[in-house]
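Chemist: For reference, the structure I am asking about is given below.
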């Protein structure tokens with residue numbers, strides 16, 4: 001009998017927030033690696049907001065997961081069979097194995113991870129795609145200068161916490177926005193933000209704006225956006241001339257029938273937004289980190305030692321068991337996680 | 001008795017579109033030039049959409065014209081007295097003399113214009129601020145590449161016609177949008193656009209979008225924006241990944257109680273806009289040309305010979321007499337002009 005693995009397939013497309021019925025736990029044969037391929041037993045898989053987009057069949061920068069297909073995810077685990085000289089059993093590797101206990105991939109699509117340097121979970125968060133997104137987006141698109149003011153949405157997430165820490169290291173005033181007093185405490189005490197505002201404590205974008213203005217007495221030069229909605233409405237009017245807005249996500253809208261439908265905040269009607277862009281010479285730039293992986297080695301070279309030394313902090317929220325991945329994912333989309341959301345599989 | 005000059009002052013701030021009562025024709029003493037100053041008898045003054053913004057007291061990138069102050073304008077005329085070695089009577093100079101028959105300015109704020117090279121009116125349009133805006137915005141912010149598709153709003157205006165001609169010279173497919181069949185004919189026949197659509201012929205942004213899509217079979221890589229409203233709503237969903245949107249104005253909104261209030265086109269609600277920016281990695285950048293005058297000598301060196309040779313075409317719409325400036329200005333804001341709007345004063 002062939003060895004069995006487990007995976008979670010997309011059973012149906014969600015309408016709004018995902019529900020348990022959108023996911024289906026399945027068993028399958030463990031795949032056999034072909035030429036130059038490696039078989040990995042996954043230890044930890046990543047849960048990220050972008051996966052919500054893959055559940056829709058709307059046109060986007062990536063193809064949707066097909067109905068019946070395995071949910072997409074980055075994951076890290078132990079090599080248990082290898083047909084590549086680049087990996088041997090016992091090595092740890094990161095790859096796009098999906099929501100699954102096992103995966104096979106071409107060796108050249110895998111990244112070796114050394115557990116002796118940093119915990120392998122860091123390859124999913126602080127030293128993985130989210131941390132890289134924050135580092136790249138802030139430094140390359142945000143173009144930070146010492147003394148400027150940076151506002152970071154989703155401040156305690158794996159992207160935002162990297163943005164904030166890099167910003168502090170570069171001499172910026174860094175103000176976070178997060179959902180909950182506990183997250184704000186974490187942003188200030190663990191990640192070193194100068195201040196953090198709980199957007200749930202403010203009923204409207206206007207009220208949040210007033211509070212934000214008090215924490216940003218010199219205005220806002222960079223807004224690192226990955227939330228949208230009320231936070232966006234609060235921030236835009238406070239932007240300084242020549243401000244920069246890197247955008248890598250809009251989690252507050254992901255469940256609204258697909259990104260782009262049904263946001264209700266009237267504070268940013270388009271004319272108000274464009275007026276701000278125009279009269280303050282704002283630079284607004286969307287990006288997806290997969291277009292910039294040529295910079296990944298530079299990121300790792302710069303940040304891995306700082307993570308190993310503790311200079312860069314990270315917080316992980318680890319759920320247990322593949323069968324609990326859907327619940328952890330649904331909770332994360334509502335902001336229920338504290339730090340980088342991971343699922344431990346073994 | 002001191003010599004008299006005439007000027008047009010801002011009598012009151014408009015609510016919506018300017019009306020004749022917002023302007024007041026006055027006489028005053030011709031000013032006497034001080035040290036290093038030059039007195040100019042204005043021959044031609046420029047009318048530009050940005051002046052509408054100066055009539056409001058909303059916070060913007062420039063101070064509003066005070067009530068009772070002379071309306072702002074660039075103008076070109078003959079030096080009639082000079083306390084500067086840089087200018088002598090008979091020279092022609094461009095300066096910010098306002099809506100007035102005479103003006104005094106420091107010599108270092110004036111630009112000498114040589115009528116032997118090109119008509120002095122070109123200093124107001126094709127070789128002045130508008131042409132420079134188009135040249136700079138397209139080349140520096142639009143980052144055009146041969147083979148790409150460029151859409152230009154207000155195609156026959158002094159900004160848009162420069163954008164389109166520079167785009168054609170760089171090997172782009174250039175599609176204009178203008179208000180009226182006569183303007184579209186001008187865009188294609190005089191300025192060499194590949195196609196031009198009359199936005200007035202389409203009731204909604206969606207209808208305009210369908211027509212635009214047919215003219216842009218490979219999508220839109222650069223949208224040169226200075227209109228807003230329906231055209232913006234039509235264009236945004238057609239943008240290609242990594243598209244660029246330089247923004248230097250939003251004339252369709254200038255009269256809506258100040259830029260930013262009351263645009264009615266629901267096609268660009270903010271989430272739809274942000275979704276496009278995000279998933280297509282768009283770069284949206286506001287700019288004002290006065291921040292980039294260090295590039296002006298380069299612009300002139302490159303473009304003045306092409307204007308003199310006729311390689312770069314320009315069209316001017318010349319009203320006669322200072323007293324007719326308000327009517328010409330009000331008509332221009334409604335798109336009534338054909339080409340660069342100028343007022344001849346002498």
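The values are calculated or read from the model by the stated rules, or taken from the named source; none is laboratory data. What you see is a predicted model; the values in this text were computed from it and never measured. Please note: Cβ atoms are built from the backbone with ideal geometry, for glycine as well, and neighbour counts cover all protein chains shown.
Chemist: Return yes when residue B:323 is modelled with pLDDT of 90 or more and either in contact with a strand residue (DSSP E or B) (Cβ under 8 Å, 6 or more places away or on another chain) or surrounded by 14 or more Cβ atoms within 10 Å (Cβ to Cβ) (or both) and no when it is not.
Modeler: yes
Chemist: Among the residues of the stretch B:176-200 satisfying the criterion of being over 19 Å from the mean Cα position of the chain (by Cα), at pLDDT 95 or above and assigned to a helix (DSSP H, G or I), which is surrounded by the most Cβ atoms within 10 Å (Cβ to Cβ)?
Modeler: Step by step, filter the stretch B:176-200, then rank; the result is B:188.
Chemist: Any chance you could count how many residues in the stretch B:33-49 are at pLDDT below 95 and surrounded by fewer than 20 Cβ atoms within 10 Å (Cβ to Cβ)?
Modeler: The total comes to 0.
Chemist: Looking only at the stretch A:137-146, count how many residues are touching a strand residue (DSSP E or B) at 6+ places or on another chain (Cβ under 9 Å), farther than 20 Å from residue A:188 by Cβ and surrounded by fewer than 24 Cβ atoms within 10 Å (Cβ to Cβ).
Modeler: Going through the stretch A:137-146 one residue at a time, the tally reaches 4.
Chemist: Looking only at the stretch A:145-171, which residues are out of contact with any helix residue (DSSP H, G or I) (no Cβ under 9 Å at 6 or more places or on another chain) and assigned to a loop (DSSP other than H, G, I, E, B)?
Modeler: Scanning the stretch A:145-171 gives A:145, A:146, A:147, A:171.
Chemist: Within 14 Å of chain A (Cβ to nearest Cβ), at pLDDT 85 or above, over 20 Å from the mean Cα position of the chain (by Cα) and closer than 19 Å to residue B:160 by Cα: is that true of residue B:247 in this structure?
Modeler: no
Chemist: Can you tell me which residues in the stretch B:157-177 are in contact with a strand residue (DSSP E or B) (Cβ under 8 Å, 6 or more places away or on another chain) and more than 12 Å from residue B:130 (Cα to Cα)?
Modeler: B:164, B:167, B:168, B:172, B:173, B:174, B:175, B:176, B:177
Chemist: Now for a separate question. Pick from the stretch B:223-244 the residues that are within 9 Å of another protein chain (Cβ to nearest Cβ) and assigned to a helix (DSSP H, G or I): which of them is surrounded by the most Cβ atoms within 10 Å (Cβ to Cβ)?
Modeler: Residue satisfying both the conditions and the ranking: B:232.
Chemist: Let me ask something else. Anything in the stretch A:264-289 that is more than 7 Å from every other protein chain (Cβ to nearest Cβ) and either at pLDDT 85 or above or touching a helix residue (DSSP H, G or I) at 6+ places or on another chain (Cβ under 7 Å) (or both)? List them, or say none.
Modeler: Result: A:265, A:267, A:276, A:289.
Chemist: Hey, another quick one. Restricting to the stretch A:55-75, give me the number of residues that are touching a strand residue (DSSP E or B) at 6+ places or on another chain (Cβ under 8 Å) and within 18 Å of residue A:328 (Cα to Cα).
Modeler: 6
Chemist: Another one. Restricted to the stretch A:89-115, and to residues that are over 17 Å from residue A:342 (Cβ atoms) and in a loop (DSSP other than H, G, I, E, B), which residue is farthest from the chain's Cα centre (by Cα)?
Modeler: A:89
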